Amino acid sequence: MSIKEPLKTILRKYCHVECYDPQLIREAIKTGRGFPYDVELFKSQLREAIDKELISPEEYEKLTEEDFDSQEELQIWLEEFWSELF
């Protein structure tokens, strides 16, 4: 399953293991500065990806270089990410 845009780009840009900062993402979403994406679309895509387990650990690692050993670990992380943002 390929990850939809803009979710794919947002994960690559904001969740990379070397530069992840939830405060930065929250601020960008809230103000719109530096976040040229449809927030509601991103929000619905992220929720759908979590609920339906649409992102595999391998896909996530390709985008972010963050390594998860299982789908379950990735799901826990994505729920945390969701909680930090919304």
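Assorted remarks:
- In the range 1-37, the residues that are surrounded by 12 or more Cβ atoms within 10 Å (Cβ to Cβ), of a type in the set (Lys, Arg) and outside any loop (DSSP other than H, G, I, E, B): 8, 12, 13, 26
- Exactly one residue among 57, 36 is free of Cβ contacts under 8 Å to residues at least 12 places away in the same chain and farther than 17 Å from residue 83 by Cα, and that residue is 36.
- Identity of the residue in the range 38-57, among the charged types (D, E, K, R) and open to solvent by 60 Å² or more (accessible area, probe 1.4 Å), that ends up nearest to residue 70 (Cα to Cα): 53
- Hits in the range 58-86 - residues which are open to solvent by less than 20 Å² (accessible area, probe 1.4 Å) and in contact with an Asp or Glu (Cβ under 7 Å, 6 or more places away or on another chain): 60
The values are calculated or read from the model by the stated rules, or taken from the named source; none is laboratory data. Every value quoted in this text rests on a predicted model; they were computed, and no experiment measured them. Positions of Cβ are backbone-derived with ideal geometry, glycine not excepted, and every protein chain shown enters the neighbour counts. Please note that ligands, DNA and RNA were not included when accessible areas were found on the heavy atoms of the full protein model with its side chains. Shrake-Rupley method; radii C 1.70, N 1.55, O 1.52, S 1.80 Å.
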